[in-house]
Amino acid sequence: MTNISICECTSINQIEASFHSLQEESKQTDDQLQSLLDSREPIENYKSTFKTLAERLILLVNQIDELKHEFCDIPIVDQQVINKIKVVDREQNRLKECLLYVRQVRDFKECLIELNRAMQRQHWEKAADFVHRANCTSSSIIQGKFALAVVPTSEQPLAPTETLHEVIESLHALFQREFQKAARDKDQKEITRYFKLFPLIGKEKEGLESYWHFFGGIIASKARATLDEPSSHSFFFSQAFTGLVEHVASIVRAHTPLVLRYYKAKNTITVIENLQYDCDRQGSIIISTMYDVRRITSLLNSIKNYKFLLLNAKIKHRNLPSDQHEMERVSLQNLHPLLSEITSIITKWNMYKVFISRFIHRLLNPDPSTLKSPDERSFECANVFLSSKVEQDISNQLIPSLLHLETYYLKHSMETAFELEEHYTRVVPWTSSIVDDVMYVTKQVVQRIFFSGSSAYLDKFIRENLCQIFQSIYYVYISSNLTNLCGIIRGQFQKFKDAGKIQKSLYERFVVLTNSASLSKEYLCTVLDEISKKDNEVYPFSKDKEQVITTLDKFRKDSNIFDKLCSYAFNTYFPIFMLPKIEKSIDDVFMDCEYVLSYDDYTQELARERSLVSRLRVIWNRITAFEEFTPKNQFILTRMACEKAASYLEHLVLYKIQWNEYGAMALENDLSQCIHVLSKEQVQLRDNFERLQELLLLLVWESESASPAQVTEDLNLRLLSLDIVAAIQEKKKELETNEE
């Protein structure tokens, strides 16, 4: 029977039916509840269980209380037991100490007995080993009364300390004697054999001294033998010094592992320092001998008296009569080998310093995890070189002498180059022989000084000598000539109003000097870039490397004066030789072009090929044909031409060319192709036409906005001003009004 809601009933029968339905549902619900109540277990069944658990819990609490009272008296009994245990442990430890003491005395006695047997049988290695074991015994045991009572025997009746001392001295004398004999015979096997035994008998210092004297004698004898030979060639002393440091380095490399194994790192460093002392002594002798034989003092005096009269005359644009030419004090041909020889000595010394410093650094940091890779060059120069005699000779003698000799070599080479200057105008680019000659010598000098490995020498020469020479001599010579020439060219242009009437010789010399300035900067940067790649290898010490980088950066910045000189030359060249051609060529190309077009005219123009692009390409290639200039100068001049062309085209669009709606589209198409021709498909040059491209976009853009600011924002115009945008919009409105 379907239940009907009371709210939906419309008659008494429906209400009665709904009532009977509810009564039946109520009866069913009562029956279900009664069945659930009947199925529940009475709660009285659980009461007995809860009562049993409570009784067991009370019993458990009572038992815990009893255990608590029983354990209250335990600490008294426990402390008594602990005291007894401590007494037993103390007695047991004393017994163990006594047994250990007796055992050590017994072992010491056995060492002395075996030591005596080994010496009688001349087993020196075993004897040294037993001495080492005996020395490892505590002095309190050896000097104790018990040892004094039980150790002496009929063969060794003396006190233990006296017996051990006597044996050590006897073995030391024997090892020393045998080591010296092996050294005289140069028996490397026996030398190594006895060298390993010194530390076993506690004579590390004596063994190291013997080892050092042996190799020191070899180093000295080989150096003397080299110097006793006649100095038959220009690199004699350089080879002698190289042989010395390489010999010492080979000794350190070959024998340091042996010293490190038996004498530890600290003593190994001592041996290296002693060998370095011998190297210092012999190296100082080689340098002093070279100074005398090569007559360096006399050369320096001759150089100081040279006045560079011809060089000064060239700088001041004066001709020096041949009878007033200064006599050459020192020939460059004779000076070059001497410079190479001295620089080679400094280079080898710095390489040797790096080798020894890295070796000592590794000895002081034996853990590989603490060592950085060699490329990081994080170590410093070893302290052994702080008081080095060779280091002092190089700093106080060789480097000051080299500064004067290299300065003379460079200045005199410049003087010769200025005197023999030639202009090469039959090949492109047009250049002067000065650039090749001076830069070749400069490269030699800079590389020679850089690879010497002395940061102080490099810094002093570049800052005090090289920069001054280039700024006050080489740059002055080129800039003064170029500046005077620019003045003459401007004067002739103002007179004739025609660049074609300027003398050809003036133009050629102008291009040569401009290229010379540009090439000078380019060559200097190339030299600096080449040597900068080797700074990690040549200057591993962090302080030296920082100084070298700073010095080279300074020289690089100083070379920017040539860029400024080129800019000055271009500012003279461009308005005279290029600007009139650019404006005239663009006017000629757009002279016959019509941009006030109807729709039919516009479609016809699109259908046929536009001749102005091909004409512009021919004219532009002729204008920008700068074959006589260097590639860098060609690009700079082309960029300047593009800047001017873009500016002039913009001027034509805004003020000269008449256009309407369809003409603007044709103009936009023509100028886009012109930009392609003018930039020569180079991205760097195309950037000069960004402003013009924005202007072309504005021409063909149809906007309902009347606000120039809104149009600028919609088109993302970054270079055009609001005034130009407003002017273009105003012109478009006028065209629309006229058409209506």
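Taken together, the values in this text are just the output of simple stated rules run on the coordinates, not laboratory data. None of these values were measured; they are calculated from a predicted model. Note: ideal-geometry Cβ built from the backbone for every residue, glycine included; neighbour counts use all protein chains shown.
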Discussion item. List the pairs from Lys443/Lys521; Lys534/Lys554; Lys205/Lys389; Lys181/Lys222 whose alpha-carbon separation is above 22 Å, in the order I gave them.
Written reply: Lys205/Lys389
Worksheet entry | Residue-averaged [θ]222 nm for the chain, counting only DSSP H segments that reach four residues, each worth -39500 (n - 2.57) | -24500 deg cm²/dmol
Worksheet item: Taking the Cα centre of region 648-740 as origin and charging only Cβ (+1 Lys, Arg; -1 Asp, Glu), how large is the dipole, in debye to the nearest 20?
Response: 440 debye
Worksheet, complete the sentence: Sorted largest first, the C-alpha extents of region 573-739 along its principal axes in whole angstrom are 54, 35, 25
Response to the item:
Reduced to Cα centres, the span from region 180-234 to region 268-337 in Å works out to 37 Å
Response to the item:
When the charge dipole of the chain is computed with +1 at the Cβ of Lys and Arg and -1 at the Cβ of Asp and Glu, the Cα pointing farthest to the positive end, of Pro321, Asn669, Met290, is that of Met290
Fill in: Scattering curve values for region 407-446, log₁₀ I(q)/I(0), Debye with Cα scatterers, q = 0.17, 0.22, 0.26, 0.31 Å⁻¹
-0.45, -0.66, -0.82, -0.99
Worksheet item: What label, among (1) 99, 64, 50; (2) 150, 129, 37; (3) 94, 76, 55, belongs to Cα extents along the principal axes in Å computed from the structure on display?
Response: (2)
Discussion item. If I take every Cα pair under 8 Å that is 6 or more residues apart in the chain, average their sequence separation and divide by the length, what percent do I get for the relative contact order?
Written reply: 8 percent
Discussion item. Could you give each residue of region 558-567 its phi-based ³J(HN,Hα) in whole Hz, using Karplus coefficients 6.51, -1.76, 1.60 with θ = phi - 60°, and x for Gly or Pro?
Written reply: 5, 6, 5, 4, 5, 5, 5, 5, 5, 4
Item to complete: Kindly put Asp280, Asp601 in sequence by how many other C-beta atoms sit within 10 Å of each C-beta, fewest to most.
Response: Asp601, Asp280
Discussion item. Can you tally the net charge around His423? Count Lys and Arg as +1, Asp and Glu as -1, for every other residue whose Cβ sits under 10 Å from the Cβ of His423.
Written reply: -1
Discussion item. Please give me the summed charge of the neighbours of Ser433: other residues whose Cβ is under 10 Å from its Cβ, Lys and Arg +1, Asp and Glu -1.
Written reply: -4
Practice prompt. Could you list Lys196, Lys222 in order of exposure, starting from the residue whose Cβ has the fewest other Cβ atoms within 10 Å?
Written response: Lys222, Lys196
Discussion item. I want the local charge near Arg193. Using Cβ-Cβ distances under 11 Å, sum +1 for each Lys or Arg and -1 for each Asp or Glu among the other residues.
Written reply: -2
Item to complete: Give me the lysines in straight-line cross-link reach of Lys495: C-alpha distance below 22 Å, same-chain residues under 8 apart excluded.
Response: Lys504, Lys581, Lys584
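Among Leu338, Leu53, which comes first, second and so on when ranked by fewest other beta-carbon atoms within 10 Å?
Going from least to most buried by this count: Leu53, Leu338.
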